[in-house]
1. Only one residue in THR94, THR111, THR35 is among the polar types (S, T, N, Q), outside any loop (DSSP other than H, G, I, E, B) and not assigned by TED's automatic domain parsing to the domain that holds PRO138. Which one?
2. Looking at (1) surrounded by fewer than 21 Cβ atoms within 10 Å (Cβ to Cβ); (2) farther than 19 Å from ALA16 by Cα, which is the only condition GLU87 fails?
3. Go through (1) at pLDDT 95 or above; (2) of a type outside the set (Ser, Thr, Tyr); (3) within 20 Å of SER109 (Cβ to Cβ); (4) crowded, with 18+ Cβ neighbours inside 10 Å for GLU149 and report which single condition fails.
4. With the structure loaded, tell me whether VAL117 is within 24 Å of ARG78 (Cβ to Cβ), in the same structural domain as ASP12 (by TED's automatic domain parsing) and among the β-branched types (Val, Ile, Thr) or whether it fails that test.
5. For the stretch 33-44, check the following and say yes or no: at least one residue is among the charged types (D, E, K, R) and crowded, with 21+ Cβ neighbours inside 10 Å.
6. Quick check on my filter: what residues within the stretch 80-94 are closer than 21 Å to THR35 by Cβ and either touching a Lys or Arg at 6+ places or on another chain (Cβ under 7 Å) or touching a residue at least 40 places away in the same chain (Cβ under 8 Å) (or both)?
7. Of the conditions (1) surrounded by 15 or more Cβ atoms within 10 Å (Cβ to Cβ); (2) in contact (Cβ under 8 Å) with a residue 24 or more places away in the chain, GLY49 clears all except one; give me its number.
8. State whether the residues of the stretch 188-205 include one that is outside any helix (DSSP H, G or I), basic (Lys, Arg) and out of contact with any Gly (no Cβ under 8 Å at 6 or more places or on another chain).
Amino acid sequence: MTRRRFDAVLFDLLTALLDSWTLWNRIDGSEERGTEWRAAYLRRTYGAGRYRPYEILVAEAATEVGLSPSLAACLAARYGELKPWPEARDVLDTLQSQDLRLGVVTNCSETLGMTAVACAGIDFDVVVTAERAGYYKPDPRPYEQAIAELGITASRCLFVAGSAYDLFGAARLGLTTYWHDRIGMQPPPDIPKPLAHHRTLHPLLNMVHERPEK
């Protein structure tokens, strides 16, 4: 008999489910510089703590790597161009068909977060942005808020990280974590070990159930 291991799956949105890297590169016009800009933004948001306007952090990250801060407004204007990773929609549809509740915890403003969620193509049960929570991940409060709104305990929730920084926040709450490391990021030192670490979302479907009893 196969038993369900989790009642819900929470996702990082802008890296685990959506290919935001390609959009950042298009805005900048260079894959190398776009990747540097995105990496600088990740460091800033994950080190920010209390919420500051998302667009300001994006502009500061651009300045840090020698780009124009005006790129932040260009990025915001084109957020609706974000695309899910190729297998993301099928994986989400399969999880929903198994009566798992699905949610998002994202380091984003409320307005841009809703635009990005629409790009994923499904209705999530819970969406918690950094702006709504008042704090950026990996502060535990955004994750805690999503878990509370789902009405479950951390032990019954699987978190899908897109960035290595999410592993720190999820570990603080005892969340089991699947790291969807799509682009092969260089992780910061001493990151907590996830239960699984893959370059695709497909293996996620095998993790929501216990192994069959013999």
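1. That would be THR35, the only listed residue that is among the polar types (S, T, N, Q), outside any loop (DSSP other than H, G, I, E, B) and not assigned by TED's automatic domain parsing to the domain that holds PRO138.
2. So the condition that GLU87 fails would be (2).
3. (4)
4. yes
5. yes
6. Across the stretch 80-94, the qualifying residues are GLU81, LEU82, LYS83, PRO84, TRP85, ALA88.
7. (1)
8. Taking every residue of the stretch 188-205 in turn, at least one turns out to be outside any helix (DSSP H, G or I), basic (Lys, Arg) and out of contact with any Gly (no Cβ under 8 Å at 6 or more places or on another chain).
The values are calculated or read from the model by the stated rules, or taken from the named source; none is laboratory data. Because the structure is predicted, anything quoted here is derived from the model rather than measured. Heads up, the Cβs are rebuilt from the backbone with ideal geometry, glycines too, and the neighbour counts pull from every protein chain shown.
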